[in-house]
1. Specify the residue that is nearest to the chain's Cα centre (by Cα); the eligible residues are those in the stretch 211-230 that are in a helix (DSSP H, G or I) and exposed (fewer than 14 other Cβ atoms within 10 Å of the Cβ).
2. Over 23 Å from Ile140 (Cβ atoms) and not polar (S, T, N, Q) - does that describe any residue in the stretch 37-57?
3. Can you tell me which condition Phe132 does not meet? The list is (1) farther than 29 Å from Ile150 by Cβ; (2) part of a strand (DSSP E or B); (3) touching a helix residue (DSSP H, G or I) at 6+ places or on another chain (Cβ under 8 Å), and all the others hold.
4. Look through Leu94, Leu48 and report the one residue that is surrounded by 12 or more Cβ atoms within 10 Å (Cβ to Cβ), farther than 19 Å from Glu4 by Cβ and at pLDDT 95 or above.
5. Specify the residue that is nearest to Leu229 (Cα to Cα); the eligible residues are those in the stretch 60-119 that are of a type in the set (Phe, Trp, Tyr) and assigned to a strand (DSSP E or B).
6. So, of the residues in the stretch 81-123 that are of a type in the set (A, V, I, L, M) and touching a Leu at 6+ places or on another chain (Cβ under 7 Å), which turns out to be farthest from Asn67 (Cα to Cα)?
7. For residues in the stretch 36-76 being without any contact (Cβ under 8 Å) to a residue 12 or more places away in the chain and in contact with a strand residue (DSSP E or B) (Cβ under 6 Å, 6 or more places away or on another chain), which is nearest to Asn107 (Cα to Cα)?
Amino acid sequence: MNYEKINNFTYSIKNNKNINNTNTNPNTNTNTNINTIFFTSIINSKILENNSAYLIKKKDGYNESINSITFSALTVERATDFFIGKSLDEKYQLVIKLLWCINKQNNSLKEFGQGFYNICLHDILVIDSSVFIFINLDYIKQIKNDCYIINFPFIKNEHLLPELTEIKSIPCTVNTNCFNYTLGSIAFYILFKKYFKNCTTCTTCTMNLKIELNCIYKTKLYWCIIKCLKNNVMILI
């Protein structure tokens with residue numbers, strides 16, 4: 001999925017891939033294209049409510065779906081570029097806003113029985129230096145009984161919950177709390193430019209994490225990252 005500058009004040013996010021998977025919308029009991037779910041969830045989350053966002057519908061025969069969203073903005077860039085050269089003080093408030101936006105976007109997706117099981121920094125867009133949106137649909141999994149359904153090979157990166165990297169067979173399910181680890185890992189990486197790779201439960205790793213976070217000790221973000229990275233999540237096979 002890519003973003004496009006339409007003019008000096010308008011951008012769009014569009015998915016040109018033909019994605020066929022559908023999901024039942026609990027509010028309408030109808031099968032809904034994943035593109036439609038994704039873009040509608042952005043509107044429903046209201047993270048772009050100050051950017052005059054609206055959806056673009058596409059017709060394919062008798063079928064109608066949503067494959068893009070248009071919004072007003074002065075700047076749009078990827079998070080990997082946005083955070084370059086910023087000091088720890090600058091990044092502190094921005095990371096809090098990033099976590100708030102992505103979590104709100106994910107909660108909106110959950111209303112459609114979908115959610116992010118993992119994310120990557122490159123596919124987070126930064127809009128007007130204040131709004132953050134994740135735009136890679138390959139990281140979305142169906143949710144059932146508060147668990148992500150892992151039924152085909154999935155993307156692994158440095159922010160994935162460690163237990164998920166050890167899965168030997170699929171299908172399996174994992175509690176939706178696993179996404180908290182990803183958010184904490186992303187926040188840790190942005191602040192300190194290194195990955196948190198330790199396990200999630202041992203006392204030694206907890207102490208190492210607290211030492212790394214010493215420069216933001218007892219702040220809101222400190223306790224948020226501690227809670228996210230030390231959350232023990234049970235994998236169900």
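1. If we take residues in the stretch 211-230 being in a helix (DSSP H, G or I) and exposed (fewer than 14 other Cβ atoms within 10 Å of the Cβ), then Lys227 is nearest to the chain's Cα centre (by Cα).
2. Looking only at the stretch 37-57, we keep the residues that are over 23 Å from Ile140 (Cβ atoms), and these are 50, 52.
Of the ones still in play, those that are also not polar (S, T, N, Q) are none.
For the stretch 37-57, residues over 23 Å from Ile140 (Cβ atoms) and not polar (S, T, N, Q): absent.
3. Here Phe132 meets the rest and fails (1).
4. Values: Leu48 fails: farther than 19 Å from Glu4 by Cβ.
The conditions single out Leu94.
5. Let us first name the residues in the stretch 60-119 that are of a type in the set (Phe, Trp, Tyr), namely 62, 71, 82-83, 92, 100, 112, 116-117.
Next, from what is left, pick out any that are assigned to a strand (DSSP E or B): 71, 116.
On the way: Phe71: 34, Phe116: 17 Å.
Checked the stretch 60-119; the qualifying residue nearest to Leu229 (Cα to Cα) is Phe116.
6. Checked the stretch 81-123; the qualifying residue farthest from Asn67 (Cα to Cα) is Leu88.
7. Filtering the stretch 36-76 for residues that are without any contact (Cβ under 8 Å) to a residue 12 or more places away in the chain and in contact with a strand residue (DSSP E or B) (Cβ under 6 Å, 6 or more places away or on another chain), the one nearest to Asn107 (Cα to Cα) comes out as Lys57.
Matching residues to (1) at pLDDT 95 or above; (2) of a type outside the set (D, E, K, R):
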position: Lys110; (1), (2): yes, no
position: Tyr117; (1), (2): yes, yes
position: His122; (1), (2): yes, yes
position: Asp128; (1), (2): yes, no
position: Val131; (1), (2): yes, yes
position: Tyr139; (1), (2): yes, yes
position: Lys168; (1), (2): no, no
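The values are calculated or read from the model by the stated rules, or taken from the named source; none is laboratory data. The shown structure was predicted, so the numbers you read here are calculated from the model rather than taken from an experiment. Neighbour counts are summed over all protein chains in view; Cβ atoms, including those assigned to glycine, are modelled from backbone coordinates with ideal geometry.
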